[in-house]
Amino acid sequence: MSWKGHFWTLGPFLRHSLLPPRVPDWRHWETSLDDGVVGTLQLSGRLSRGAASDTIVVIVHGLGGSATSYYARQAAVAAAEAGIDSLRLNLRGADRGGADYYHAGLTEDLAAAIRSEALEGYESILLLAYSLGGNMVLRYLAGEPDPRVRAAAALCSPIDLKRSARAIDQPRGVFYRRHVLSALKEIYRNVAEHRQVPLPVEEAARIDTIELWDERIIAPRHGFAGAEDYWAVAREFLYNDGDCEDYAITKLFSLRWLDFSPAELRIVVLQDTNLRVPHAVLAVADQNDILILDNQIQEVVSHQAIVHYLPVYSINEQHWWMHLPD
């Protein structure tokens, strides 16, 4: 982590603390969800509505942030200028209400917000998420997202939580680390006032690394064996453990959200003649070529560059094709 990282993170925070951006008119928003450990939770946020918009963007804050974070306010302003409504969501605990505290893989809060009564009338939902919130949004999209979700953006998201935590815990990360941990400890103190917590508040206050926070605070509350287990589970699909068909389907929907037509996209089920196993990839028509998006290959390659795949059948939203050997 370079010293420039501190400038880009803390500089805007300090600037907007002194000169906060204006925000569009908003009203308090709430919804509830059931959690298997703590029972019924109340989520909150700030809902801004214009004149009869059929589109809303759900703005998800980063680690230690909230609906009042400067970047969330800026996003609400940009949405209003574009004629789009916005919901600045507080993940559980971020409003300092003391209900509970969140982690990167916990998508239930986002799902509850999207299915809330206040969002029922919208035809299109956009997702805009920052930092750890981006990890959460990507994980939500990899599951079964609401069909009204048309597009999503995840900014500066720590896909690999282990590497991110280790980087922040380096000596050069001290200012940012203290800034984030201060907010997390405030959330934790509020939760401790309402129910039993894994670690006494006095001990939690002495934690000075992200890894130790994940180990002693996040892991025991959310059922992980430790920080390593939490990091592994949170990145399970996004990084290395999704099945090939999961990747192919996720890529297909991602490109559909980017306005690729159904005719340009096919999921191809094939036989890998090297490994002698079935496999699935996404094929994308590109002018006079067909490009292959394959979770076993880091680059996007032409189908002509792959000689060990034998297509069996392919499918898109409109048709399916059986591939016969030559």
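The values are calculated or read from the model by the stated rules, or taken from the named source; none is laboratory data. Predicted model, so just to flag it, every value in this text is computed and none were measured. As a convention, Cβ positions derive from the backbone with ideal geometry for all residues, glycine included, and neighbour counts pool all protein chains shown.
Looking at segment 276-285, which of the residues that are of a type outside the set (V, I, T) and in contact with a Leu (Cβ under 6 Å, 6 or more places away or on another chain) is surrounded by the fewest Cβ atoms within 10 Å (Cβ to Cβ)?
Selected residue: H279.
Can you find a residue in segment 220-236 that is β-branched (V, I, T), in the same structural domain as H103 (by TED's automatic domain parsing) and in contact (Cβ under 8 Å) with a residue 24 or more places away in the chain?
So far as segment 220-236 goes, yes, one or more of its residues are β-branched (V, I, T), in the same structural domain as H103 (by TED's automatic domain parsing) and in contact (Cβ under 8 Å) with a residue 24 or more places away in the chain.
D109 fails exactly one of the following numbered conditions: (1) surrounded by fewer than 23 Cβ atoms within 10 Å (Cβ to Cβ); (2) assigned to a helix (DSSP H, G or I); (3) of a type in the set (D, E). What is the number of that condition?
Every listed condition holds for D109 apart from (1).
Going through segment 123-147 one residue at a time, which ones are surrounded by fewer than 18 Cβ atoms within 10 Å (Cβ to Cβ) and in a loop (DSSP other than H, G, I, E, B)?
E123, G143, E144, D146, P147
Mind checking which residues of segment 166-184 are touching a helix residue (DSSP H, G or I) at 6+ places or on another chain (Cβ under 6 Å) and either in a loop (DSSP other than H, G, I, E, B) or modelled with pLDDT of 95 or more (or both)? Reasoning before the result, please.
Our first condition is that a residue be touching a helix residue (DSSP H, G or I) at 6+ places or on another chain (Cβ under 6 Å); within segment 166-184, this holds for 168-169, 175-177.
Scanning segment 166-184 gives a single hit, D169.
Check segment 123-132 and report whether any residue there is under 27 Å from H222 (Cβ atoms), under 13 Å from the mean Cα position of the chain (by Cα) and of a type in the set (F, W, Y).
Checking segment 123-132: at least one residue is under 27 Å from H222 (Cβ atoms), under 13 Å from the mean Cα position of the chain (by Cα) and of a type in the set (F, W, Y).
Restricting attention to segment 193-202, which residues are farther than 18 Å from G36 by Cα and touching a residue at least 12 places away in the same chain (Cβ under 8 Å)? Reasoning before the result, please.
As a first pass, look at segment 193-202 and keep what is farther than 18 Å from G36 by Cα: 193, 199-202.
E193, L199, V201 - these are the residues of segment 193-202 that are farther than 18 Å from G36 by Cα and touching a residue at least 12 places away in the same chain (Cβ under 8 Å).
Residue pairs, Cβ under 8 Å, 6 or more apart or interchain, first in segment 260-275 and surrounded by 19 or more Cβ atoms within 10 Å (Cβ to Cβ), second among the basic types (K, R). List them.
L265/R256
Go through R150, R178, R221, R206 for me and flag whichever is surrounded by fewer than 17 Cβ atoms within 10 Å (Cβ to Cβ), over 17 Å from S131 (Cα atoms), more than 18 Å from the chain's Cα centre (by Cα) and of a type in the set (K, R).
So the residue among R150, R178, R221, R206 that is surrounded by fewer than 17 Cβ atoms within 10 Å (Cβ to Cβ), over 17 Å from S131 (Cα atoms), more than 18 Å from the chain's Cα centre (by Cα) and of a type in the set (K, R) is R206.
So which residues in segment 13-54 are touching a helix residue (DSSP H, G or I) at 6+ places or on another chain (Cβ under 8 Å), among the aliphatic types (A, V, I, L, M), at pLDDT below 90 and closer than 29 Å to I218 by Cβ?
Residue satisfying the conditions is V37 alone.
Mind listing whichever residues of segment 49-64 are crowded, with 23+ Cβ neighbours inside 10 Å and within 15 Å of V23 (Cβ to Cβ)?
Residues satisfying the conditions are V57, I59, H61.
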